[in-house]
Amino acid sequence: MKFSNYAVERLGLGLMLCFSLVMAFTTLVRMHDPNGTRLSDALDLPDAIKQLQSELRIAAPIKSVVYSTPAGGSAQATVAKPGPMPVPFSIQTASIVPWLVFTAMAFAFLAALDLIFIRKGVALLSVVGGILAASALIHVQILSSDVQAWTNAMMSISELSSPNDSALGAQVLMANSFLVIPGPGLYMMAICLLLVPLLSITRAIPRLRDVIRSDARIRSSQKIHVRPINSQCPAETCMSLDLSHSGLYLESPSNHYYVGMELYLARNQREGMPANAEEHGYVVRVEKKDKGGCRFAIHVISNEN
């Protein structure tokens, strides 16, 4: 049994949505702390983020000691009042990352259900999920950069502070061991969810299948009666330019055809003769003509059964 292009497209989009959901249970965020490396998936991510924030707060009370020279040019240095290291905003808001991931998963699941039952909002649901996953990815990247800059600042403070302060050295050593980077699962989730609406809107999967078709085409001029399923588009008789077992290439004086339009067609129409059996198909390519009208290719579904 062969699949129509619609079935192939639904299968392809469905597999991508399922793949994006499966990615949630792979490594989304890779963390390294004083206890070692930790790989976090969607289920483990909330606890991992909380642990990261907790451990970074332990290192936060490091006091910064800044030396300055009086304006009078005296060689004697003064020591400014020490203050705590400010925690970057991305670290304070790191708990939003699991929520972004879970919401992206919810939209991916809704898109998969829509693809099976309704087939109207797949692109919209997927693009929202992709934006959420991409937002989580960007937040983790900013978090990674801020943690590295923060720990570098602590190292500088350690160099300016008293070398006899063993507690400060231990805190700086602990802070310098933190590393946060996005995992491959987060990248793939965002890519898959953003790729689904792109493929859905451009109809890239059916077009690719038509490009690699193996059916031989024969140049033939026949009258083909075309009846669009959309009642707002009138039926008409077009002339064929070439034919194959599973497709036709027609020329029409009209411009209402578009990629994805479903229609019925009957071949070899003659005046005064009964209509032939109709075949079900849909438009896979449209080429507008400069002087009006168009040429369009139809893929026949009936011949695939």
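For this structure, a couple of remarks:
- I201 sits with roughly 130 Å² accessible to a 1.4 Å probe, with DNA, RNA and ligands left out of the calculation.
- The residues of region 111-153 present an accessible area of 48 Å² per residue when probed at 1.4 Å with all protein chains retained.
- Highest to lowest packing among 26-32, 241-247, 128-134, 218-224, scored as the average C-beta count within 10 Å: 128-134, 26-32, 241-247, 218-224
- Rounded to the nearest 10 Å², the accessible area of R119 at probe 1.4 Å: 140 Å²
- Solvent-accessible surface (1.4 Å probe) assigned to Y282 amounts to roughly 0 Å².
- Burial order of peptide ranges 100-108, 135-143, 46-54 (average beta-carbon count within 10 Å, highest first): 100-108, 135-143, 46-54
- Ranking by accessible area, most exposed first, for S200, S20 with a 1.4 Å probe: S200, S20
The values are calculated or read from the model by the stated rules, or taken from the named source; none is laboratory data. Bear in mind that the values here come from a model prediction, so they are computed numbers and not experimental data. Ideal geometry is used to build each Cβ from the backbone, glycine not excepted, and the neighbour counts take in all protein chains shown. The accessibility values were calculated without ligands, DNA or RNA, using every heavy atom of the protein model including side chains. Shrake-Rupley method; radii C 1.70, N 1.55, O 1.52, S 1.80 Å.
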